[in-house]
1. Once the Cβ-Cβ distance between ASP29 and LEU81 is put in as r, and R0 is 22 Å, what FRET efficiency do you end up with, to the nearest 0.05?
2. Whole-Hz ³J(HN,Hα) for each residue in segment 68-85, computed from phi via Karplus 6.51 cos²θ - 1.76 cosθ + 1.60 with θ = phi - 60°, x for glycine and proline: what do you get?
3. Once you put a point 7 Å from the Cα of ARG67 and another 7 Å from the Cα of GLN143, both along the Cβ direction, what distance in nm separates them?
4. When the chain is fully extended, how far beyond the present Cα-Cα distance does ASP161 get from ALA225, taking 0.36 nm per residue of separation?
5. Give the distance, in whole Å, between the Cα centre of segment 249-310 and the Cα centre of segment 165-230.
6. Read phi for every residue in segment 182-187 and hand back ³J(HN,Hα) as whole Hz from Karplus 6.51 cos²θ - 1.76 cosθ + 1.60, θ = phi - 60°, with x for Gly and Pro.
7. List the lysines whose Cα lies under 19 Å from the Cα of LYS188, skipping any in the same chain that are fewer than 8 positions away.
8. Suppose a student asked you for the relative contact order of the chain, using Cα pairs under 8 Å spaced at least 6 residues apart; what percent would you report?
Amino acid sequence: MSAPHHRHLTLLSLALVASACAWAEGADDLRFRASVGLLHDSNLFRLDPGANALALIGRSSAAETVRITSLGVNYNRAYSLQRVEFDLNYTDYKYQNFNYLSFAATNYRGAWRWSYTPHLYGNLSTSRNETLNSFVDFQGFSQRNLRTDTSTRLDATYELDANWRLGGGLSRSARKNAQQLVQEADYKLSSADAALRYVLPSGSSAAYTFTSTDGTYLNRPFPSAGLNDNSFRQTDNDLQLNWAISRDALATLRAGHRSRSHPNYPQRDFSGMTGGANLSWSFSPKSAVTAAWRRELDTYETNNSNFAQV
């Protein structure tokens, strides 16, 4: 069973950046930034055109203006063969009409780009991102439902010779919602991947990646009347081709297959093809044109659907 993918259907009718500033100490050192913005949404709660807004949300209109204030700091520095990157961002969201939705998020991402030798290198990275769940999925109009995503990854690449690259990695990630969201429940994931890549001096390359993921759903009653499982296993096979058409143009083609199985409710299993195509042309140092198409599958559990396709 499939469902149309709704998570990215939010429409913004106005987005104004009021001010932005940054200070830097050296090209690869410490940078500060600050910004203030206004965002206007004509239908924040995604109400149907004929819905009684006053009865549902206490106001005759679902329109909202959000003031977004952001402060951030970025650190990026190389130490011999190593590079350290860290970005910390504090963002305050103030809702004008529905003040109970206001919140402040502290998000970060950090990475150690390590290198043991010029031919053996990799990354150790971590991140945290907090956002407000879309009201497409969450219908608790009187509640604020924040989503927090965290992830940690360690990977390595070994250059077998001038063309061949062997890689692999381990990842852990988690999602937590402040209020229960059945369609995309809280979870923890552990995954391992292996990749083989062939690189040409022109910049063109071909790579195959296999990924195996074990997941556990959190805060779900089990057994479930809605046939919502408490764990799953997923495998992904991906083939990607990068074609350096010229110094300024790059084409990317990707084809893959995703399969997810559930130990207790196989009715929730799904599988299918994934892929994408991307063409990018840089016609100046600061300007580029990109055309892209993609097909993805991800879990989206309702009474009549198991996954979403975008």
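The values are calculated or read from the model by the stated rules, or taken from the named source; none is laboratory data. Keep in mind the model is a prediction, meaning the values are calculated, not measured. Glycine gets a Cβ as well: all are built from the backbone with ideal geometry, and neighbour counts include every protein chain shown. Accessible surface is based on the protein model in full, side chains and every heavy atom, while ligands, DNA and RNA are left aside. Shrake-Rupley method; radii C 1.70, N 1.55, O 1.52, S 1.80 Å.
1. On the way: r = 18 Å, r/R0 = 0.83.
For ASP29 and LEU81, the calculated efficiency is 0.75.
2. Going residue by residue, I get 10, 10, 10, 10, x, 9, 10, 10, 8, 8, 9, 10, 6, 7, 9, 9, 10, 10 Hz, with x marking Gly and Pro.
3. It is 2.9 nm.
4. Values: separation 64, 0.36 × 64 = 23.04 nm, distance 5.51 nm.
That works out to 17.5 nm of additional length.
5. Rounded to whole Å, the Cα centres lie 14 Å apart.
6. Per-residue couplings from phi come out as 5, 4, 9, 5, 4, 7 Hz.
7. Within the straight-line limit of under 19 Å, LYS188 reaches these lysines: LYS176.
8. Working: 757 pairs, mean separation 33.3, N = 310.
Result for the chain is 11 percent.
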